[in-house]
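Each remark here refers to the structure printed beneath this line.
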Amino acid sequence: MTGAAAGTALCVVCEEYADGAKFPRLVGAVAQMDEIVGLLKGLGYEARKVGGGNPSSAAFRAESEEWSEGWVATGDAKPALVIWSGHGVRVDGQTRLVLSDLKPADDPGQWKARVTRHGVTADDLVSEAVGSGAEHVLVIIDTCYAGGGAVPALGRV
């Protein structure tokens, strides 16, 4: 990342899922995110599409941390954008954003444990953006149940 960038963007898109029965394919989601990334780069943003699209839980965790720590290391307090596009579910009153590698489970308790372990909360996204040292943060979540996770996460900011 360079200090000359207008801002930074972390873009996460999940179009295909290991559990295709529960999470149908979101046709065109990766192509739409590619367009957004291109537009942001055209505006001078340092934009990263996590995992090239359809990231695993491990790829998301590693790349979002690298993005946040990399931006704060530049000492540049310019804006940070976080854009998420994919499926979401409610578990124990909390919205979890689903990553591509969430596997199906026949047992409801096991499935809930997997979602809790591998799902991303809006708070997780806000934490990475705030941790980047950005002076302005914009989080866009395009998923089912987004309002249930986004509003509580605003309290962190």
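Before moving on, here are some points about what is shown:
- All of Pro104, Pro55 fail the test of being touching a residue at least 40 places away in the same chain (Cβ under 8 Å), open to solvent by less than 10 Å² (accessible area, probe 1.4 Å) and either over 23 Å from Val137 (Cβ atoms) or assigned to a loop (DSSP other than H, G, I, E, B) (or both), apart from Pro55.
- If the condition is being in contact (Cβ under 8 Å) with a residue 40 or more places away in the chain, more than 16 Å from Gly52 (Cα to Cα) and surrounded by fewer than 21 Cβ atoms within 10 Å (Cβ to Cβ), then the range 8-22 contributes Ala18, Asp19, Ala21, Lys22.
- Under the condition of being surrounded by fewer than 20 Cβ atoms within 10 Å (Cβ to Cβ) and either in contact with a strand residue (DSSP E or B) (Cβ under 6 Å, 6 or more places away or on another chain) or among the hydroxyl-bearing types (Ser, Thr, Tyr) (or both), the residues counted in the range 65-77 number 1.
- Scan of the range 33-50 for residues that are open to solvent by 20 Å² or more (accessible area, probe 1.4 Å), in contact (Cβ under 8 Å) with a residue 24 or more places away in the chain and under 21 Å from Asp101 (Cβ atoms), ordered by number: Arg48, Lys49
- Residue match in the range 67-77 (condition: over 17 Å from Asp19 (Cβ atoms), of a type in the set (A, V, I, L, M) and at pLDDT 95 or above): no
The values are calculated or read from the model by the stated rules, or taken from the named source; none is laboratory data. Please read these numbers as outputs of a predicted model, since none were measured by experiment. Using ideal geometry, Cβ is built from the backbone for each residue, glycine included, and neighbour counts are taken over all protein chains shown. The protein model used for the area step is the full one, side chains on, heavy atoms only, and it has no ligands, DNA or RNA in it. Shrake-Rupley method; radii C 1.70, N 1.55, O 1.52, S 1.80 Å.
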